[in-house]
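Input: a single structure, listed below in structure tokens.
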Amino acid sequence: MSDISIRIEGCAGRITLQRPEALNAMTYEMCVAIEQAFDEWAQDDAVTLVVLDAEGDRAFCSGGDIAELYETGTKGDYAYGQKFWADEYRLNHKIFQYPKPVVSFLQGFTMGGGVGLGCHGSHRIVGESSQIAMPECGIGLMPDVGGTLMLALAPGRLGEYLGTTAARMDAGDAIFAGFADHFIPQAQWLDLIATLEQTGDIARIAGAAARPTPGPLQAAMPDIDRHFHGAALGDVFTTLRAEDSDFARDTLKKMGRNSPLSMACTIEALHRLRGPTLTLEKALDLEYRFTARAMEHGDFLEGIRAAIIDKDRNPKWQFADGAVPATAVAKMLMPLGEMALKLGETGMKIGFIGLGNMGAPMAANLAAAGHDVSGFDVAGTTAKGVSSATSAVEVADGADIVIAMLPNGDILRAVAAEVIPTMRAGTTFIDCSTVDVDSARAVADMAEAAGILCVDAPVSGGIGGAAGGTLTFMAGGSEAAFASAAPLFDIMGQKAVHCGDAGAGQAAKICNNMILGATMIATCEAFALADKLGLERQKMFDVVSTSSGFSWSMNTYCPAPGVGPTSPADNGYTPGFAAELMLKDLGLSQQAAAAVDADTPMGQRALELYRQFVEDEDGKGKDFSAMLPRFETRGRS
Ligand code: NAD
């Protein structure tokens, strides 16, 4: 293939990109050929390292060749692009975890797909002309090829800045941001490559490295951190627009060229990724959720049209005013189920006990991600892609991980006592049910005695979050136990917080749900009051959902039928989250509050109201948001 030269020189596997007239943009064929070479050289003892470089002064690699993606995408063929990206990401992953040193020489532009090729190796060399960037938001994509890993690890909020502005890094900034390792004057590169080919001695690289001049972005970090620390794209725009400075003007100008949906997803993705559970696998999985949908639902085709087809540089972006709703971001980043990116044979054997409203969709998401899941529920319920077992002991037999999603602490203790003795030492028991702290600790003790890792990991996010894979997990247990459970939390949810030792997850959960119970009651009584004041419910929602009264109860799980996103209120208050489960959680919170002498009057009152609703009125079997019809029919006495 004339676009690329793949050969062995001395002890080095050598890859040289040879499309300087196209800034060495990588075609699908080049990607496949490079992967084949990496596979062969991994097995070849005569190859001790791999050296990547490119012809021409202007670019190492300016990105992936996107013209063909446009042609297929505009014909409604999204599968070509999905395969292109999935194969490219597999190559990025392979380079990242390659068993031999991978050295890349990055002159001129290294952008997008070029970053995926050149910036995941073990020795990334930059020189005087290097310009590295992640410009995907400019064509309606989001930073991909594993670039979000580096962006999430970059100092402060530099990742958000680089991802949303597409700003270019010179050599000093690229090293500062974690996209490169060594600055070596370009005049020395040919000699160094020849030495590496002859000797295979990678220590020569550090020997040749010089100190780069610090780049301008490093100096701009106080501005970057101040403006990019917000929770979402809208916050970034708000602070930039409020400031009269060169930095704010220049940044708004750069962002003004890019797709708002792409920028909003970039910020959300970095927030989800940043933290102790970050891996390249996780970054690529999240990126692929976006790219797999980018043609059909994102701005990608419009972005390419404006940039390279019509070249009018006037893309008609969705949400052009920059106000991107959280729901649009969530839709682009939700799990892909069976279409999820598969990087290799990663399937685990998982046993799932309790396939109710929450457990069934959670188990289905694990199966869709390629795990071998078997499930059991006393009620005989099943879940998509999950094989059915006849007992809890059967699902635990041979499992790497057992997950429980059960109604209460007594049932959990009984199930744990049955299955833990049958589990192999070193495997993990994860309880995602909401139970009392004492039960969580008792189960953790049982597990510890049997040499089993244990995590109490109750969830927030409801059945919508369980189905969409967007739950938040609050976890208690050892570091090792949390680490073994984290890859599964990534599939079932969007966030996992390690709250502390055994029981800490349940402590966080009951505090959260005490707030939820009280806010749901407050939301319902406010709707009932608004009715009596003659205020339309839709108007009430429009105001409160964007004012200081907003909450999850109002914005995501609105108790008024026909208002806000679809919720159990639109389904006759069928749970969802049953009122008796909320009563249970409020009981747990007050039990815990009594044990530690905490004053919780709102939690106490919420408990009394839910008890009355479930035990004396008609609340049993209804969703916990059915407090609204309850209040509608009542007066003050
Ligand atoms: P659910 O009642 O729909 O599901 C519980 C399931 O456990 C049922 O299908 C039941 O048959 C099964 N089960 C009971 N005993 C069993 C046993 N011994 N062996 C196997 N299966 C058994 O409840 P859910 O809504 O799925 O909630 C499950 C847990 O998650 C609860 O602890 C709840 O507090 C918590 N939770 C629920 C929500 C929600 O919105 N529903 C949100 C957060 C947390």
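The values are calculated or read from the model by the stated rules, or taken from the named source; none is laboratory data. Being a predicted model, the structure only gives us computed values, none of them experimental. Don't worry about glycine lacking a Cβ; one is built from the backbone with ideal geometry, like all the others, and counts go over all protein chains shown. Heavy atoms of the whole protein, side chains included, go into the accessibility calculation; ligands, DNA and RNA do not. Shrake-Rupley method; radii C 1.70, N 1.55, O 1.52, S 1.80 Å.
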Lone qualifier among Tyr78, Tyr70 - being in contact (Cβ under 8 Å) with a residue 60 or more places away in the chain, in contact with a Leu (Cβ under 7 Å, 6 or more places away or on another chain) and open to solvent by 40 Å² or more (accessible area, probe 1.4 Å): Tyr70
I want to confirm something. Restricting to segment 368-388 and keeping residues that are open to solvent by less than 20 Å² (accessible area, probe 1.4 Å) and within 11 Å of the ligand (Cβ to nearest atom), which single residue is farthest from Glu418 (Cα to Cα)? Ala383
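Residues are listed down the side, and each one gets a yes or a no for (1) in contact with a strand residue (DSSP E or B) (Cβ under 6 Å, 6 or more places away or on another chain); (2) under 14 Å from Gly468 (Cα atoms); (3) not assigned by TED's automatic domain parsing to the domain that holds Thr291:
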site: Met358; (1), (2), (3): no, yes, yes
site: Ala379; (1), (2), (3): no, no, yes
site: Ala383; (1), (2), (3): yes, no, yes
site: Asp397; (1), (2), (3): no, no, yes
site: Ile401; (1), (2), (3): yes, no, yes
Scanning for something in contact with a strand residue (DSSP E or B) (Cβ under 9 Å, 6 or more places away or on another chain), open to solvent by 60 Å² or more (accessible area, probe 1.4 Å) and charged (D, E, K, R), does segment 428-447 turn up at least one residue? yes
Taking segment 19-47 as the region of interest, how many residues are surrounded by 16 or more Cβ atoms within 10 Å (Cβ to Cβ) and over 35 Å from the mean Cα position of the chain (by Cα)? 1
Tell me, which residue of segment 448-467 that is more than 16 Å from the ligand (Cβ to nearest atom) and assigned to a loop (DSSP other than H, G, I, E, B) is least open to solvent (accessible area, probe 1.4 Å)? Ile452
Of all residues in segment 228-242 being of a type outside the set (D, E, K, R) and free of Cβ contacts under 8 Å to residues at least 40 places away in the same chain, which is surrounded by the most Cβ atoms within 10 Å (Cβ to Cβ)? Leu240
Taking Ser545 as the residue in question, decide whether it is surrounded by fewer than 19 Cβ atoms within 10 Å (Cβ to Cβ), of a type in the set (S, T, N, Q) and either modelled with pLDDT of 95 or more or not assigned by TED's automatic domain parsing to the domain that holds Leu270 (or both). yes
Just need a number here: residues in segment 139-167 that are assigned to a helix (DSSP H, G or I) and of a type in the set (Gly, Ala, Ser). 4
Any residue in segment 555-575 that is away from the ligand (no atom under 16 Å from the Cβ), surrounded by fewer than 22 Cβ atoms within 10 Å (Cβ to Cβ), touching a residue at least 40 places away in the same chain (Cβ under 8 Å) and polar (S, T, N, Q)? no
Name the pairs whose Cβ atoms lie under 8 Å apart, with the first residue in segment 162-173 and of a type in the set (Val, Ile, Thr), the second not in a helix (DSSP H, G or I), and 6 or more positions between them or separate chains? Thr164/Asn258; Thr165/Asn258
